[in-house]
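Reviewing the structure listed below.
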Amino acid sequence: MAENCIFCRIAGKEIPADLVYEDDQAVAFKDLEPQAPMHVLVIPKKHAASLLELQPEDNAIAAHILCEVIPALARKLGLAAGGFRVVVNTGEDGGQSVRHLHFHILGGRSMQWPPG
Ligand code: 5GP
Ligand code: ZN
């Protein structure tokens, strides 16, 4: 757990969030400022500041989130039929504001491309 990391604190239940999923490795909760009718963040419980910090030993958690948690959540949240978008903002140019790796799941409306 990284000190003063808001997402570590959410994962540790130190601060509240609207949780939609939890297992031993990951947690998902509603974004505080939703950018779509459905906007959920999926995070690994283990702190990593961004995609750039992931190591080969993190393969399993990354695959778990991508291959299991996100598809299951998309179905559970009713996004599978219409589709959805997964976003991982990384670093300054990527627009990352919270330095704990997180996967945005956005759905419930048609998305634009290219993104801003
Ligand atoms: P980023 O800009 O780093 O890709 O995304 C961070 C996201 O975290 C933003 O969409 C922001 O609304 C959300 N967020 C920031 N602080 C909190 C919080 O305390 N609780 C929740 N649920 N979401 C947060
Ligand atoms: Zn953290």
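The values are calculated or read from the model by the stated rules, or taken from the named source; none is laboratory data. The structure presented is a predicted model; accordingly, all values stated were derived computationally and were not measured. FYI the Cβ positions are ideal-geometry reconstructions off the backbone, even for glycines, and counts take in every protein chain you see. Keep in mind that these areas ignore ligands, DNA and RNA; they rest on the heavy atoms of the full protein, side chains included. Shrake-Rupley method; radii C 1.70, N 1.55, O 1.52, S 1.80 Å.
Data for the structure
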item: Test: residue in region 50-60 that is modelled with pLDDT of 95 or more, within 15 Å of ligand 1 (Cβ to nearest atom) and either open to solvent by less than 50 Å² (accessible area, probe 1.4 Å) or among the small types (Gly, Ala, Ser) (or both); result: yes
item: Selection from region 38-49 of residues that are within 14 Å of ligand 1 (Cβ to nearest atom) and either under 13 Å from PHE103 (Cβ atoms) or buried (at least 18 other Cβ atoms within 10 Å of the Cβ) (or both); result: MET38, HIS39, VAL40, LEU41, VAL42, ILE43, ALA48
item: Region 24-37, subset within 15 Å of VAL69 (Cα to Cα) and open to solvent by 30 Å² or more (accessible area, probe 1.4 Å), residue farthest from ligand 2 (Cβ to nearest atom); result: LYS30
item: Condition met for VAL69 (out of contact with any helix residue (DSSP H, G or I) (no Cβ under 7 Å at 6 or more places or on another chain) and at pLDDT 95 or above); result: yes
item: Of all residues making up region 89-116, the number that are closer than 19 Å to VAL20 by Cα and part of a loop (DSSP other than H, G, I, E, B); result: 4
item: Flag if ILE65 is buried (at least 19 other Cβ atoms within 10 Å of the Cβ) and within 13 Å of ligand 1 (Cβ to nearest atom); result: no
item: Unmet requirement for GLN96, which otherwise passes all of (1) more than 14 Å from the chain's Cα centre (by Cα); (2) under 16 Å from LEU32 (Cα atoms); (3) not hydrophobic (A, V, I, L, M, F, W, C); result: (1)
item: Odd one out for ARG109 among (1) touching a residue at least 24 places away in the same chain (Cβ under 8 Å); (2) surrounded by 14 or more Cβ atoms within 10 Å (Cβ to Cβ); (3) over 13 Å from the mean Cα position of the chain (by Cα); result: (2)
item: Flag for VAL20 being under 12 Å from the mean Cα position of the chain (by Cα), in contact (Cβ under 8 Å) with a residue 60 or more places away in the chain and surrounded by 12 or more Cβ atoms within 10 Å (Cβ to Cβ); result: no
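Here is a yes/no grid of residues against (1) free of Cβ contacts under 8 Å to residues at least 40 places away in the same chain; (2) away from ligand 2 (no atom under 16 Å from the Cβ); (3) touching a Phe, Trp or Tyr at 6+ places or on another chain (Cβ under 9 Å):
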site	(1), (2), (3)
ILE6	no, no, no
HIS39	no, yes, no
ALA49	no, no, no
ILE61	yes, no, no
LYS76	no, yes, yes
VAL88	yes, no, yes
VAL98	no, no, yes
HIS102	no, no, yes
